[in-house]
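The values are calculated or read from the model by the stated rules, or taken from the named source; none is laboratory data. Source: prediction; values computed, not measured. Here the Cβ is made from the backbone with ideal geometry for all residues, glycine too, and neighbour counts use every protein chain on show. Note: areas computed on protein heavy atoms with side chains; ligands, DNA, RNA excluded. Shrake-Rupley method; radii C 1.70, N 1.55, O 1.52, S 1.80 Å.
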Amino acid sequence: MKRDELEEAFVKYAPMILRRATSLLRQPEEAKDVMQDVFIRAMTERGGFEGRSEVSTWLYRITTNLCLNRLRDGSRRRELEALHLTPPDAPLDPGNPEQRILVQRLLAEADPSWSEAAVYVLIDGMSHDEAAALLGVSRRTVGNLLARFEEWARARLKTHLTSDQLVPIEREGAA
Amino acid sequence: MSTPLFKDARPTPDCPSELAFDRWQLGELPAKDSAAMDVHRSTCAHCEARATERAALAASISPAARAQMIQRVMQAVPAQKERAPWWRRAFGEWGFVPAFAGAAAVLMAFVYLGQEPGPKGELEVLRSKGSVGLTVYRERGGEVEMVRSGEVMTRGDRLRFGIEVPKEGHVMIVGVEANGSRYVCFPSSGASHSTLVPAGRTEALPGAIELDDSSGRETLHLIYCPEAFALSDLAGLDSARLAQRGCLGTLFEIEKESR
């Protein structure tokens, strides 16, 4: 891809990528790094931008996975784990600053395939059909991935999320 | 009914997902959906705010910052020469390795992982249960192309495979002919054990198979398990037992015509 073609793609898609990365990472500088990585990845993948009918969905998925990788990254993970969090009684709201770190931590710790499906449906508000099309799986598989994520996350929220270790709540009184 | 884990991500049921909103702004939605979005956007305060937020974000990328980032991207990406698609190169570089001819019958009471087939027409078909993917490439008369599940094949067509697995693990590709005969496509026709593959996508597995002159519908099954397994392990196992072992699977259909 020539420079002017990249520039054209950048003008068109960079805002979408930046918004997507910012919404998951909540750190503007890190989101910009991801944006750069997305374009590098897009240009080095086979075929690059050429011949793709839905570039935005392709870039959206690359961005999501790069962001989830960052959340799983060791140093970021430690940063998330250093925060003492209290699971809320009400449903989690990723838009709530106090709860977004908890959401990020769940996404970082869950199985990658569950996290990706959870991001699309529970955070981005996609229908199961939309997520299925994006993931390249069936609608039923999306439902299964979400069910596994939710089951795991509910169990995970019953533990203390402290900086040092995870202590099941059930053991709290016995200690 | 238990409390939902997450608050509903959409303020109203009519609000589009974030991706749909982006695609609408990029002009990528079909005309009908786009028109519906135009109407919704004009009446939804939340989506109005979304548009404003996006415009502000786009404006925050200054021309100087954009030029700088493009420069960094250009430097990071190695110079691209005019090259044939990778699968054409792969065939050329690795040559063709006949893996079987005819039905090497592997008689096993093999019950495949229960799963529904994905929609036909996708280029990379049939993933299920956690991102297991099987891509098939056909070489016919010197031309190589990616083929879709359900496509018609004929004697002499040569197939190679690309796979995608969620984690490092062990795989085997087994073909099942219309008459029920089984044969191993990968690691090799005579293989009795799975082989270890890295996590993620492997663009082209080594080796290829050549189709014989039998006709009818055949299925190619990619089986992935965290632990090594033998072909004999698949005998008599049902989907539930395979799933308990953490195995995943996907299938690809071919219609064979004898000419």
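Counting only protein chain heavy atoms and rolling a 1.4 Å probe, the accessible areas of B:T52, A:T57, A:T63 rank, largest first, as B:T52, A:T57, A:T63.
In the structure shown, the pairs B:K167/B:K256; B:K32/B:K256; A:K158/B:K167; B:K7/B:K32 are assessed against 31 Å; a Cα-Cα span above that value is assigned to B:K167/B:K256; B:K32/B:K256. Scanning residues 5 or more positions from B:L26 or on other chains, none has an amide H under 5 Å from its amide H, with H placed 1.01 Å from N in the peptide plane. Taken about its Cα centre, the stretch A:1-72 carries a charge dipole of roughly 300 debye when the Cβ of each Lys and Arg holds +1 and the Cβ of each Asp and Glu holds -1.
The phi torsions of the stretch B:202-219, fed into the Karplus equation with coefficients 6.51, -1.76 and 1.60 and a -60° offset, translate into couplings of 10, 4, 8, 6, x, x, 8, 10, 10, 6, 8, 9, 6, 10, x, 7, 10, 10 Hz, rounded to whole numbers, with Gly and Pro shown as x. Phi angles of the stretch B:159-170 translate, via the Karplus equation with coefficients 6.51, -1.76, 1.60 and θ = phi - 60°, into HN-Hα couplings of 10, 10, 10, x, 9, 9, 10, x, 9, 4, x, 10 Hz per residue; Gly and Pro are given as x.
Give me the distance between the Cα centres of the stretch A:106-135 and the stretch B:179-217, rounded to whole Å. Going from one Cα centre to the other spans 31 Å. For the chain pair B and A, the buried solvent-accessible surface (1.4 Å probe, both sides summed) amounts to about 4600 Å².
At a 1.4 Å probe radius, which order do A:T64, A:T44, B:T12 fall into by accessible area, largest first?
The ranking, largest first, comes out as A:T44, B:T12, A:T64.
All other residues whose Cβ lies under 13 angstrom from that of B:F21 are scored, Lys and Arg at +1 and Asp and Glu at -1, for a net of -3. Using θ = phi - 60° in the Karplus curve 6.51 cos²θ - 1.76 cosθ + 1.60, the 3J(HN,Hα) couplings for the stretch A:23-36 round to 5, 8, 9, 6, 10, x, 5, 5, 5, 5, 4, 5, 4, 5 Hz; x is entered for Gly and Pro. Given a 1.4 Å probe and the protein chains as shown, A:E45 ends up with an accessible area of around 60 Å². Taking amide H as placed 1.01 Å from N in the peptide plane, the amide H of B:T250 sits under 5 Å from that of B:L222, each at least 5 places away or on another chain. For B:K167, the residues 5 or more places off, or on other chains, whose built amide H falls under 5 Å of its own are B:G200.
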